[in-house]
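One structure is given below, encoded as structure tokens.
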Amino acid sequence: MPRIGVYICHCGENIAGAVNVEEVRKYAEKLPGVALARNYLFMCSDPGQELIKQDIRNGLIDRVVVAACTPRTHEPIFRKALENGGLNKYLLEMANIRDQDSWPHWHDKEGATEKAKRLVASAVAKAAFLEPLEDRFVEVAPASLVIGGGVSGMFAALDLANMGYKVYLVEKSPSVGGNMAKLDKTFPTNDCSACILTPIMVQVGTHPNIELLTYSEVESVEGSIGNFKVKVRKKQTYIDWDKCTGCGDCVNACPAKVPNEFNEGMDNRKAIYIEFPQAVPKRAVVDIEHCLSCAKRTIGTKPRIHSKTGEPILAPCEKACKTGACDRSREYNPEGEVIELNVGTIIVATGYKVMDKAPFKEYSPQSPNVITAMQLERILSATGPTEGHFHRPSDGEKPKTIAFISCVGSRDKRYHTYCSKVCCMYMLKEARLIKEKYPDTNIYIFFIDVRTGGKDFEEYYNYCRDLGIKMLRGRVGAVDELPGDRLRVRAYDVDLGAPVELEADLVVLATAIEPAPDLEELGRKLGITCGSEGFLKELHTKLYPVETPVKGIYIAGCAQGPKDIPESVSQARAASSAAAVPLTLGKVVVEPLISEVNQRKCTGCGTCVQLCPYSAIKLVEDRGRLRSRIDEALCAGCGVCAAACPSGVITLHGFTNAQIHAQIKALAC
Amino acid sequence: MSNVQVATGVINLSEGDPGLVDEIKELGGEELLECIQCAKCAAACPMVLAGFSFFNKRVIQAILLGLRDALLDDSSIWACQSCNRCTEVCPREVNPFEIIQAMRRVAIREFALPTLSIEGLKSLYDTGHAVYLAGAGSTRAKVGLPEKPYSTVANPKALKELQAVIRQTALADLGIIPMDESDVTETCEV
Ligand code: SF4
Ligand code: SF4
Ligand code: SF4
Ligand code: SF4
């Protein structure tokens, strides 16, 4: 006969304000199997836990029911108390009489008290069937995977590498650097972006513990904390990167022109290209879709021989390459190469994408002089299409009047309802850089709120206004094209209480920060969901901001939501320390609340195999026939299989059929 | 610009005068650029309650955008009561009242001032009071006050000094009011 101890928590007034705790205690005392029932103001406090420990030590009880708040936050605390008292920690059952009772039934004290009794009774009924379970431990592979090579990913990788762990850094572009590499200067200190970023890129590229996998993408992720099996596809570059020195001779020779992504489409690159001059690694890539197959040679075919000279007729890129890295006669697998990694933890830092201007028809996106802020960033940058000379796109003239429009696609139900968080600051920054260089430029910023909430940001804003940058509250309604490449901006100045219009030479749209393309798909591969805004969801906004619901997978930077550089770096470094904990411990505890098949009775129908969301079940040959077997390293204890098994031969430990049935029965009576 | 015009007429920012900001800063509105249009001054201002279209906050925004003509075409700035409430409540130490004063100085330079103000200025020159009720003497006497207050009105020497000072100001250069050096107290009915 079990001896169950029932402990009812007042939770201050949280529970006792609606539930007559003493009445519930008296009721619990009489339930079958209950040896004693107590109540206390705060069960989770030290003295509260001490009550449980003493009763165990005194030999009064061998099962515990705590009726309190949510097990999500408090179960670990009470399990620990059982353990310290000398009882197996899985002999605990919790009844949530706060979230599920006192809170929703606050105005029905009698009903709340009755419901508390039912919930306690059902927990007691289950507790009678509890069995001791032992924790499992999983070895942790001493390596980490960082997905995304922007500023967040690079810092996360460097921190882990400096702690001595092996890090694989996967980046989809040919070079690391991410969006930050495209910026001219960075607020609030106006450091030159390249000057502070390039050394970090070089460190990442040369660190002995970092294996840089650029131009690569994650194909699939299996396994769980400590033991993730990751398949990464190294995309085909059509260049032998071991031989390529990044000299760029091939690039100069190539005749094919393609819009340049790095310069936001404002100039062209070649079909064979190096992403940008400071790229790490500095290697060439052939964009096979745009390759002209010069000398009538598709990739992987031998050159024709010149009828007169007897020499092979090479493509210009091949001819220019002195190292033999560009050899078009080699057989290339267009699929690239899939490699398999085994890592203990994963950090996702896939960054963001700046929204395109095309959807905003009211702002004349067809005009070359209506540009996005990221395009302006490239115009201002010394490595950009104009080499830092401030020209407007249509005619290369220096703009005299510039209008910035904020919240384009942000705080807008048709596109993104969230605030993109960095636009106010980057607009101010760009306006300031222009105004400092060309003081006679007229700059107008149309805003709906100026949001400069960051360290040193308000000062930055004040400085910009002191420069004479004009601020107008009011979302721009229209930008019309006028003859002579001019643009008419129409708005309503809320502060003036009057409609206004402005003729501008250049209009800059501060378009929204969007999740990186395919983030949702990557999330699916990892088992992490995206919030309604499309960014990856953290485990808990306040307390676990870099953790995800999947143990061992962490997030950093704009993959989680719009952020500026200081914040992205802070979060990256937080994620790297969180990801280092399991690596340092070398093993992680896994709860034994997982499923097990009674193989002797299994009929091998395969129902469970299909249903398991973690691919933890396989049919294996056993005594002459196929029967299912659950890999305990992969099982997450979701219980899908146990519920589905038509023969009822799967047991989910901690939630056995006997336990659940007893619980339901007690609730029903 | 009247209320109606504010509601219907579109203001062309391209025609704004970028020099206006500097002019105002020179004429006493040094803290102009500190204004963040929070509207606290407007909440304290009697001009708002009286329904004038260019009260402190809006005057400042109009100056920031260089809307010189809009301000000059409107009589609002002359409605300021110099109560200084705005200056007391402004969280950014803009001194909105000083900015209105500065804008008045701009207006005077351009002879854009209402007739009422000319009369006030003339009275100031003649009596030392912008508003002076000439017939108040007997009323004052009835309540036991001296017929003339102890100010420039009762003190021809002080008034002379004041007039000398006023003749040194921009007002004299502009010639908005006649400023003869005769003993005005005698000619003027005080
Ligand atoms: S569903 Fe049940 S019977 Fe079917 S294979 Fe799985 S364990 Fe066996
Ligand atoms: S409980 Fe069953 S379905 Fe769930 S993960 Fe484990 S084996 Fe798969
Ligand atoms: S003057 Fe001062 S109180 Fe008035 S809007 Fe500007 S900052 Fe606010
Ligand atoms: S001083 Fe003028 S502007 Fe300021 S509150 Fe008084 S009336 Fe309004």
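The values are calculated or read from the model by the stated rules, or taken from the named source; none is laboratory data. Predicted model, so just to flag it, every value in this text is computed and none were measured. Quick reminder, even Gly has a Cβ in these numbers, built from the backbone with ideal geometry, and neighbours come from all protein chains shown. With ligands, DNA and RNA removed, areas are computed over all heavy atoms of the protein, side chains included. Shrake-Rupley method; radii C 1.70, N 1.55, O 1.52, S 1.80 Å.
Tell me, what ³J(HN,Hα) does each residue in the range A:268-283 have, in order and in whole Hz, if you take phi through Karplus 6.51 cos²θ - 1.76 cosθ + 1.60 with θ = phi - 60° and put x for Gly and Pro?
So the J values, rounded to whole Hz, are 10, 10, 9, 5, 9, 8, 10, 3, 7, x, 9, 3, 10, x, 8, 9.
At a cut-off of 50 Å², which residues of the range A:490-534 become less accessible once all protein chains are present than in their chain alone, using a 1.4 Å probe?
In the range A:490-534, residues shielded by partner chains: A:D495, A:L496, A:P499, A:E501.
Place a +1 charge on the Cβ of each Lys and Arg in the range B:3-109 and a -1 charge on the Cβ of each Asp and Glu, then give the dipole magnitude about the Cα centre in debye, rounded to the nearest 20.
It comes to approximately 340 debye.
Put +1 on the Cβ of every Lys and Arg and -1 on every Asp and Glu Cβ in chain A; which of A:G153, A:Y215, A:A373 then has its Cα farthest towards the positive end of the dipole?
Positive-end residue among those listed: A:Y215.
Can you sort A:L583, A:L482 by 1.4 Å-probe accessible area, starting with the largest?
These residues rank, largest area first, as A:L482, A:L583.
Name the long-range amide H neighbours of B:N12: under 5 Å, sequence gap of 5 or more, or other chain; modelled H, no Pro or chain starts.
Residues meeting the criterion, in which the H sits 1.01 Å from N, are A:E501.
Magnitude of the Cβ-charge dipole of the protein assembly as shown, K/R +1 and D/E -1, about the Cα centre, nearest 20 debye?
3280 debye
Just to confirm the number: angle between the C-alpha axis of helix A:457-466 and the first principal axis of chain A, 0 to 90 degrees, nearest 10?
The helix A:457-466 is inclined about 30 degrees to chain A.
With an 8 Å Cα cut-off and a minimum separation of 6 or more residues, compute the relative contact order for the range A:523-632 in percent.
With pairs under 8 Å counted, the relative contact order is 15 percent.
Pull up all non-local amide H partners of B:L67: gap of 5 or more, or a different chain, and H-to-H distance under 5 Å with H placed in the peptide plane.
Here B:D17 satisfy the definition.
Of the heavy-atom accessible surface of the range A:390-533 (probe 1.4 angstrom), what whole percent is carbon and sulfur?
Looking at the range A:390-533 in its full context, I get 47 percent from C and S.
Let me know the whole percent of all Cα-Cα pairs from the range B:115-174 that are separated by more than 12 Å.
Value for the range B:115-174: 70 percent of Cα pairs lie more than 12 Å apart.
Whole-Å semi-axes of chain A's equivalent ellipsoid, largest first, each the root of 5 times a Cα gyration tensor eigenvalue?
57, 36, 20
Rounded to the nearest 10 Å², what accessible area does A:C247 show when all protein chains are kept and the probe is 1.4 Å?
Ignoring ligands and nucleic acids, A:C247 comes out at about 80 Å².
Among B:I166, B:V143, B:L116, flag the residue with its Cα farthest along the positive direction of the charge dipole of the range B:115-174, charges on Cβ as +1 for Lys/Arg and -1 for Asp/Glu.
Toward the positive end, the furthest listed residue is B:V143.
Rounded to the nearest 500, what is chain A's calculated 222 nm mean residue ellipticity when only DSSP H runs of at least 4 contribute -39500 (n - 2.57) each, over all residues?
-8000 deg cm²/dmol
So what J values fall out for the range B:80-88 if you push phi through Karplus, 6.51 cos²θ - 1.76 cosθ + 1.60 with θ = phi - 60°, rounded to Hz, Gly and Pro as x?
Per-residue couplings from phi come out as 4, 8, 6, 6, 6, 4, 4, 5, 5 Hz.
Going by accessible area, probe 1.4 Å, with all protein chains left in place, what is the ranking of B:K57, A:K89, A:K243, largest first?
A:K243, A:K89, B:K57
Tell me the net charge near B:L171. Cut-off is 11 Å between Cβ atoms, B:L171 excluded, with +1 for each Lys or Arg and -1 for each Asp or Glu.
Residues near B:L171 contribute +3 overall.
Once you keep just the Cα pairs under 8 angstrom separated by 6 or more residues, what percentage relative contact order results for the range B:61-162?
Answer for the range B:61-162 is 16 percent.
What percentages make up the Cα-Cα pair-distance distribution of the range B:17-139 when the bins are 5 Å wide from 0?
Here the calculated profile for the range B:17-139 is 2, 11, 21, 22, 19, 12, 7, 3, 2, 1, 0.
When the accessible area of the range A:258-301 is computed with all protein chains present and a 1.4 Å probe, what percentage of it is carbon and sulfur?
Carbon plus sulfur share of accessible area: 52 percent.
Can you find, among B:G29, B:G51, B:A79, the residue farthest towards the positive end of the dipole of the range B:3-109? Put +1 on the C-beta of Lys and Arg, -1 on that of Asp and Glu.
Highest projection toward the positive end goes to B:G51.
Past 27 Å, Cα to Cα: identify those pairs from A:K361/A:K398; A:K357/A:K525; A:K429/A:K563, in the order given.
Over 27 Å Cα-Cα: A:K357/A:K525.
Under the rule of at least 5 residues apart or a separate chain, name every residue whose amide H is placed under 5 Å from the amide H of A:A478.
When sequence neighbours closer than 5 places are left aside, the close amide H contacts are A:R490.
Tell me, what HN-Hα J-couplings in whole Hz come from the Karplus equation 6.51 cos²θ - 1.76 cosθ + 1.60 at θ = phi - 60° for each residue of the range A:421-428, using x for Gly and Pro?
3J(HN,Hα) across the range A:421-428, in whole Hz: 6, 9, 5, 4, 5, 6, 5, 4.
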